[in-house]
1. Among residues other than Tyr326 whose Cβ falls under 14 Å from its Cβ, what is the net charge (Lys/Arg +1, Asp/Glu -1)?
2. Of the listed peptides 132-138, 12-18, 38-44, what is their order by residue-averaged count of other C-beta atoms within 10 Å, with the highest listed first?
3. Of the DSSP beta bridges with both residues in the range 20-218, give the percent that are antiparallel, rounding to the nearest 5.
4. Taking all protein chains in place and a 1.4 Å probe, what share, in percent, of the accessible surface of the range 175-290 do carbon and sulfur account for?
5. Name the residue farthest towards the positive end of the dipole of the chain from the options Phe70, Val37, Ser127, assuming +1 on Cβ of Lys and Arg, -1 on Cβ of Asp and Glu, about the Cα centre.
6. Accessible area per residue for the range 302-375 in Å², computed with a 1.4 Å probe and the full protein assembly in place, what is it?
7. Expressed as a rounded percentage, what relative contact order does the chain have, with Cα pairs under 8 Å and six or more residues apart?
8. Can you tell me the relative contact order of the range 325-379? Whole percent, Cα pairs under 8 Å, sequence separation 6 or more.
Amino acid sequence: MANPFYLQEIPADAPFCNRLEELKELHSYAEAKANVVIYSPRRYGKTSLVKRVQKNLSKKGAITIFSDFFGVASVDDMTARLAKAVFAVTHKNASLWKKAVRAIKSFRPVLKPEIDGTFTLSVEPSSIGKSGLNLLEETMTSLGEFISSNKNILVHIALDEFQEIVALKDALKIEAIMRTYIQQQKASYFFVGSRRRVLLGIFNEQQRPFFQSAINYPLRLLPAEELEKFIVEQFRAGKRKCTLEMAHKLASLVQDHPYYAQKLGFFVFEIADQVTEDAINRGLEKLVFSEKPVFEAIIQGLTSQQRLLLHALAKEPTQKMLASSYIRKHSLGSIGGIQHALRQLEEFDLVEKDQHTGYWKLVDTVFAIWLKSQVEEKVR
Ligand SMILES: Nc1ncnc2c1ncn2[C@@H]1O[C@H](COP(=O)(O)OP(=O)(O)O)[C@@H](O)[C@H]1O
Ligand SMILES: [Mg+2]
């Protein structure tokens, strides 16, 4: 029986746990041409959710453009990604494609046939020869023309990992240009992102161009009960037995985290015919091991002060990070140093203060488990 859980990105037609309320709300925001900021820690399901909203919108006739800004390297890169996204949604419809090619003057689409019969789509700058902020303005004008050339058709644009623009040179100018043009367009934009502080800064700081221009929409973890039922159901679909009790154990080990629950489910399914506590524990070891390259890459980008603080919070979440006993116990150094490291770790969305308990902790539970495993060794 094929494994019913997903290690890789979940396809748009695969079983999806809950999120019915969110699908409905976001759908109606889009139809009302509202702009929305959707934020949560990584892998809570923002991208999959937004793709599903777009799928439903496009079933009702909307044009849905999706562009991912992750790792964007320059304004030109960001602009090319936007243009490519417009060509990507229009290429199957001759009249839309024509409109897109006519409207988008700064780029031309390049379709390259592959050996397997598919095509890859990319864009090349056209002969206009603009670059940088001028190119962005030109492209946003083009996008506006494309939107207004489709009268009575809803155009929905999702910009994933939108906060990445903040790292670009002239970030504030980019924000200002984007905001000006978006304001004039009769479309709905979803700004999606994982680095909550940075993303929310764009929309909630008074002096920034996007200030209060979009609805703030936090995406929470999955409700425990729904996730547990989903896990049982997935095992059943794979002809394996998982009791609600075991599903609870599985979900709570990863604190109802959608991605980790999906992945842990995958490993447990591979390990045993029936879900047992032992299978779940072995699955968790596999899960942590499989995430190791991701965690190592994160650690590599941090300073030693940031690493120290991360290790301390992984081992011992605290309400009093600056208490001298905590600092001494974890050899954290000066208060100024800790505060600086903390600010950066928050910007990377690696640590947060729990709003209910006031405890500082790691955002990602599995990352915390892995960090602890580096300094603790299981002895049998
Ligand atoms: N509601 C859900 N039901 C089932 N699996 C989910 C759900 N939400 C997220 N996932 C799992 O988590 C993975 C990561 O989700 P993704 O949308 O990429 O998160 P984000 O964009 O927030 O980082 C998905 O590929 C899927 O396996
Ligand atoms: Mg995402």
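The values are calculated or read from the model by the stated rules, or taken from the named source; none is laboratory data. All figures in this text were calculated on a predicted structure; none of them were measured in a lab. Here the Cβ positions follow ideal geometry from the backbone for every residue, glycine too, while neighbour counts run over all protein chains shown. Ligands, DNA and RNA are stripped out before the accessible areas are found, and what is left, the full protein with its side chains, is counted by its heavy atoms. Shrake-Rupley method; radii C 1.70, N 1.55, O 1.52, S 1.80 Å.
1. +4
2. 38-44, 132-138, 12-18
3. Beta bridges within the range 20-218, antiparallel portion: roughly 30 percent.
4. 48
5. Checking the options against the dipole of the chain, the answer is Ser127.
6. So the range 302-375 comes to 52 Å² accessible per residue, rounded to a whole number.
7. Result for the chain is 19 percent.
8. Relative contact order here is 16 percent.
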